[in-house]
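What follows is a short report on a single structure.
The values are calculated or read from the model by the stated rules, or taken from the named source; none is laboratory data. As the structure is a prediction and not an experimental result, all values here were calculated from the model. Counting neighbours? That spans all protein chains shown, and the Cβs are built from the backbone with ideal geometry, glycine included. Accessible surface areas use protein heavy atoms only, side chains included; no ligands, DNA or RNA. Shrake-Rupley method; radii C 1.70, N 1.55, O 1.52, S 1.80 Å.
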Amino acid sequence: METSIEKKQQQSLKMSRLPVPPNRKRQLSDENQEQMSRVKPVLGKRLRPSSPEAELPKVRVAASIATTRPRVASAVALPKPQVIGRQSLVVLNSRNRANLSATAAPAKPKVTAPAPAQPAGAKKRAAWDLKGQVNDMRDKVTTYKGRVQSLSGENARLASTKEQLAKQVETLSINNADLSQQLRTVESKLQSEQQKLENFEREVQRLTGLCQRQETELANEKHTVQELRETSHNLAEQLKHKENKLICLEGDNSTLKTLVRDQSAQISSLEHTVEERDTQVHALETERRRLHNTVQELKGNIRVFCRVRPTLKSEKALPAGNIIFSPNDEKAIVLTKVEESHIGRERSQSVKYDFNFDCVFPPTTGQAPVFEEISLLVQSALDGYPVCIFAYGQTGSGKTYTMEGPDNISEETMGMIPRAIQQIFRSAEELKIKGWQYKFTASFLEIYNETIKDLLVNRPDKKHEYEIRKVNTTSNEVYVTNLRYVEVSSVEEVHDLLHAAKTHRSVAKTALNDRSSRSHSVFQLKIEGENKLRDIHTSSVLSLIDLAGSERLDRSLSTGDRLKETQSINTSLSTLGMVITSLCNKESHIPYRNSKLTYLLQNSLGGNSKVLMFVNISPLEENFAESVNSLRFASKVNECVIGTARANRK
């Protein structure tokens with residue numbers, strides 16, 4: 001019987017034990033331990049057995065409570081207080097202890113009263129009274145059955161009580177953890193508040209010191225205010241004096257207002273006058289351009305200048321040709337030569353060749369006077385007229401020196417091309433006052449054996465082909481494909497381009513010149529002008545050309561590549577002569593395409609352009625025949641009239 005009772009109690013204890021997760025162990029704080037110490041007496045009262053048989057459940061319930069980890073239960077739901085400080089936490093702990101004492105006191109189990117024990121002095125039944133003994137045993141069995149039933153009920157109630165207590169302990173543990181977290185939060189806030197308090201104390205100290213300084217300053221300010229009052233009194237008196245003076249000035253102001261109105265009227269009148277003057281200036285500028293163009297046309301739209309180079313130091317031993325310059329006529333030049341008699345007599349006769357050009361420059365003429373004669377023509381390029389200036393003559397006659405200058409260039413020896421560039425940029429800067437803005441684009445090429453080469457490229461790409469093409473079908477303007485066109489804005493940039501091009505030009509040694517130019521170099525500057533005030537646009541091209549040296553094959557003694565070069569040069573120069581002759585004769589067909597030189601310059605040689613030709617000759621007697629041929633060609637060009645030039649304006 002007792003064995004079955006113990007088994008039932010053990011089964012009930014096993015059913016009441018809850019699993020303990022390993023990851024939910026928590027360290028109880030001091031307050032939790034204090035709460036548990038207060039709860040234990042209550043639990044001891046509730047679990048105290050009423051009989052010796054209840055000792056075993058008591059021990060097992062206590063062991064279960066000690067080993068079972070509390071879990072979250074909904075049996076006891078305590079409200080989570082808002083943590084304000086330590087005082088709120090103490091109130092919350094007292095409330096939890098009250099709730100625990102209220103919920104941890106279950107109803108006392110009803111224990112059936114045991115049967116009264118047999119009195120110690122009662123007589124034992126006799127051995128023969130078996131029936132009485134049986135009755136006694138039956139009564140004991142009945143008593144034990146009642147006690148067993150009572151203990152079973154008590155065991156069930158204790159198991160239920162244990163579960164409730166376990167839930168309460170778990171709830172209290174959770175509350176304890178929350179309270180610990182709140183306590184840590186409160187302590188953190190308390191530390192923060194203490195830090196703030198210390199900051200406030202330091203701030204109070206600082207403000208106290210500041211207040212003291214302010215009081216000192218206030219005392220000083222009071223003293224200053226007193227001084228200012230005195231000053232204000234003085235200023236008030238001065239103000240009265242100024243008011244009296246202002247009354248006088250108001251009278252003068254009315255006079256000044258009248259004067260201002262009169263001056264405003266004068267200013268408006270002057271502005272109107274300025275506008276009229278601007279109109280007059282524009283009209284005068286237009287008239288200047290017209291008169292300038294008229295002067296150039298009177299001089300001829302195609303002009304020829306003759307220049308004789310001086311004898312070099314290395315040529316002092318060579319006989320000089322007989323060249324005569326007229327002191328009264330700057331346009332005449334005479335070449336004379338004594339020829340032997342063709343009939344074998346000793347008598348010889350002198351042959352004279354008279355030529356007249358627009359201007360003749362003797363060997364003593366420097367670069368500056370020569371450019372002065374062409375400066376007006378360069379100005380025409382800025383006015384919108386296409387201008388072409390080229391140097392013609394035999395090799396060694398000074399064409400490159402005239403157009404570019406020597407290798408060691410200086411202000412005095414500077415050639416026509418750099419001087420023209422200087423004048424263009426200087427005049428463009430002066431015209432800015434009148435509302436003109438200019439854009440300049442430069443290119444530099446050479447035509448060698450009827451092949452175009454870009455002189456502004458250090459290493460030309462052999463894959464690039466340079467061809468002359470028209471811009472569009474409706475315009476005669478031409479351009480060169482793959483050619484480098486550089487936009488320039490200063491004289492220095494152009495000088496750098498000229499220096500680079502000079503190092504790339506094709507030269508070779510011939511019988512007549514150690515460093516002969518074997519190609520035609522063409523420098524072109526496209527000038528685009530705009531006057532936004534007058535809505536006027538101009539566009540022109542200034543072409544400055546150094547032609548290759550012309551020479552007869554029997555004198556140049558050229559062979560191989562030099563022979564081919566000489567033939568190509570003479571062919572292109574002959575084509576240039578034919579084009580000019582066709583323009584003079586006003587023929588319907590002009591053979592521009594017979595040479596790449598004339599095809600490229602067709603817009604600079606036609607009737608809308610102004611052309612200037614330098615014919616350069618050598619002073620040596622050995623070059624007499626070449627000089628005569630050059631002067632004859634120049635005379636034919638000088639006799640041409642290509643018509644009236646028109647400016648390219650919109």
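Residue count for region 170-181 satisfying the condition of being open to solvent by 40 Å² or more (accessible area, probe 1.4 Å) and touching a residue at least 60 places away in the same chain (Cβ under 8 Å): 1. Of the numbered criteria (1) open to solvent by less than 30 Å² (accessible area, probe 1.4 Å); (2) modelled with pLDDT under 90; (3) farther than 21 Å from PRO386 by Cα; (4) hydrophobic (A, V, I, L, M, F, W, C), the one ALA645 fails is (3). Applying the set (1) surrounded by 13 or more Cβ atoms within 10 Å (Cβ to Cβ); (2) at pLDDT below 90 to ASN328 leaves exactly one unmet item: (1).
When region 353-410 is filtered for residues that are charged (D, E, K, R), under 22 Å from GLY549 (Cα atoms) and surrounded by fewer than 22 Cβ atoms within 10 Å (Cβ to Cβ), only ASP407 remains. Applying the criterion of being of a type outside the set (S, T, N, Q) and in contact with a Gly (Cβ under 9 Å, 6 or more places away or on another chain) to the residues of region 593-609, the residue that is surrounded by the most Cβ atoms within 10 Å (Cβ to Cβ) is GLY606.
Looking only at region 436-464, which residues are open to solvent by 20 Å² or more (accessible area, probe 1.4 Å) and in contact with a strand residue (DSSP E or B) (Cβ under 7 Å, 6 or more places away or on another chain)? Of everything in region 436-464, those that are open to solvent by 20 Å² or more (accessible area, probe 1.4 Å) and in contact with a strand residue (DSSP E or B) (Cβ under 7 Å, 6 or more places away or on another chain) turn out to be GLN437, TYR438, LYS439, THR441, LYS453, PRO460. Restricting region 516-537 to residues that are open to solvent by less than 40 Å² (accessible area, probe 1.4 Å), under 39 Å from the mean Cα position of the chain (by Cα) and modelled with pLDDT under 90 leaves a set whose member that is nearest to LEU600 (Cα to Cα) is ILE536.
Close Cβ contacts (under 8 Å, 6 or more residues apart or on different chains) running from residues in region 462-482 that are acidic (Asp, Glu) to residues that are not in a strand (DSSP E or B) comprise GLU465/THR481; GLU465/ASN482; GLU467/THR481; GLU477/VAL471; GLU477/ASN603.
With respect to (1) open to solvent by less than 60 Å² (accessible area, probe 1.4 Å); (2) modelled with pLDDT of 90 or more, the lone exception for ARG184 is condition (1).
Does region 575-591 hold any residues that are outside any helix (DSSP H, G or I) and surrounded by 16 or more Cβ atoms within 10 Å (Cβ to Cβ), and which are they? Hit for region 575-591 is ILE590, nothing else.
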